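**Student:** Here it is: the structure, laid out below.
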Amino acid sequence: MNYATIKPLDVANGPGIRVSLFVSGCTHHCPECFNREAWDFDYGKPYTKETEDEIIELLSRDYIKGFAMLGGEPFEPQNQRELVKLLRRVRATYPDKNVWCYSGYLYDKELKQPSRARCEVTDEMLSMIDFLVDGRFVVELKNLNLKFRGSENQRIIDLRKTEAAGEIVQWEGLATEVLKTKGIEEK
């Protein structure tokens, strides 16, 4: 696996300050993708044990709330097989930090059902992610006022609450966003 970049202080891909890993390789090829160069699986640098150690070290700071994985596409099978190892280590070392992941694959239709994205580690990977932003970027639904996503079709799924409820539960932070876009302030 290759990766495009590591952002040690990211505030755009989940609440609070987090460390973000942008992996290389994506087969979605969404029109007007913000990270088009990362479509190429060979783009960037090789992901190594030293890369993993760097991420673990960056996460050690008290003010870092969590970790985010983006792309490219983290759920391309060849990326999952490396990322699941990293997630095991993140969870073992920092059980109180949350993990966000961005994927063009739909949780209920492609990640939990037979599809080209599913492989032998998909379920384990999902079990270590707290919040999944799913769905391809759709330029016609682009909305710059959305929190932590680019187009209105994309969902922020609370995976722990979804597992417990047996149905998709979206992130509670979205309720405030919906009220504000309708001009209603919280009381």
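The values are calculated or read from the model by the stated rules, or taken from the named source; none is laboratory data. Just so it is clear, the model here is predicted, and its values are computed rather than measured. With ideal geometry, Cβ positions are generated from the backbone for all residues, glycine too; neighbour counts draw on all protein chains shown. For the accessible areas, the whole protein counts, side chains as well, though only heavy atoms, and no ligand, DNA or RNA atoms are used. Shrake-Rupley method; radii C 1.70, N 1.55, O 1.52, S 1.80 Å.
**Student:** Looking at (1) under 13 Å from the mean Cα position of the chain (by Cα); (2) part of a helix (DSSP H, G or I), which is the one condition that is false for GLU124?
**Tutor:** (1)
**Student:** Related question: Out of all the residues in the range 140-187, which are surrounded by 11 or more Cβ atoms within 10 Å (Cβ to Cβ), more than 19 Å from the chain's Cα centre (by Cα) and modelled with pLDDT of 90 or more?
**Tutor:** LEU141 - this is the single residue of the range 140-187 that is surrounded by 11 or more Cβ atoms within 10 Å (Cβ to Cβ), more than 19 Å from the chain's Cα centre (by Cα) and modelled with pLDDT of 90 or more.
**Student:** Looking at (1) within 25 Å of TYR63 (Cα to Cα); (2) open to solvent by less than 30 Å² (accessible area, probe 1.4 Å); (3) among the hydrophobic types (A, V, I, L, M, F, W, C), can you tell me which one ALA92 breaks?
**Tutor:** All conditions pass for ALA92, except number (2).
**Student:** Another one. Can you tell me which residues in the range 14-40 are of a type outside the set (Gly, Ala, Ser), in contact (Cβ under 8 Å) with a residue 40 or more places away in the chain and surrounded by fewer than 21 Cβ atoms within 10 Å (Cβ to Cβ)?
**Tutor:** Those that are of a type outside the set (Gly, Ala, Ser), in contact (Cβ under 8 Å) with a residue 40 or more places away in the chain and surrounded by fewer than 21 Cβ atoms within 10 Å (Cβ to Cβ): PRO15, ILE17, THR27, HIS28, CYS30, PRO31, GLU32, CYS33, PHE34.
**Student:** Something else about it: If you take the residues of the range 52-80 that are of a type in the set (S, T, N, Q) and surrounded by fewer than 17 Cβ atoms within 10 Å (Cβ to Cβ), which of them is farthest from LEU132 (Cα to Cα)?
**Tutor:** Going through the qualifying residues, I end up with SER60.
**Student:** On the given criteria, is SER103 among the polar types (S, T, N, Q), over 15 Å from the mean Cα position of the chain (by Cα), open to solvent by less than 50 Å² (accessible area, probe 1.4 Å) and within 22 Å of GLU167 (Cα to Cα)?
**Tutor:** Criteria not met by SER103.
**Student:** For ILE157, are the conditions met, namely being under 19 Å from LEU21 (Cβ atoms) and among the hydrophobic types (A, V, I, L, M, F, W, C)?
**Tutor:** Criteria not met by ILE157.
**Student:** Also: Pull out all pairs, ordered by first then second residue, where Cβ-Cβ is under 6 Å, the residues are six or more apart or on different chains, the first lies in the range 89-101 and is more than 17 Å from THR122 (Cα to Cα), and the second is outside any helix (DSSP H, G or I) and among the charged types (D, E, K, R).
**Tutor:** ASN98/ASP130
**Student:** Right, another one. So which residues in the range 1-13 are open to solvent by less than 50 Å² (accessible area, probe 1.4 Å) and in contact with a helix residue (DSSP H, G or I) (Cβ under 6 Å, 6 or more places away or on another chain)?
**Tutor:** Across the range 1-13, the qualifying residue is only ALA4.
**Student:** Could you check, for the range 89-98, whether at least one of its residues is modelled with pLDDT of 95 or more and touching a Gly at 6+ places or on another chain (Cβ under 6 Å)?
**Tutor:** Within the range 89-98, one or more residues are modelled with pLDDT of 95 or more and touching a Gly at 6+ places or on another chain (Cβ under 6 Å).
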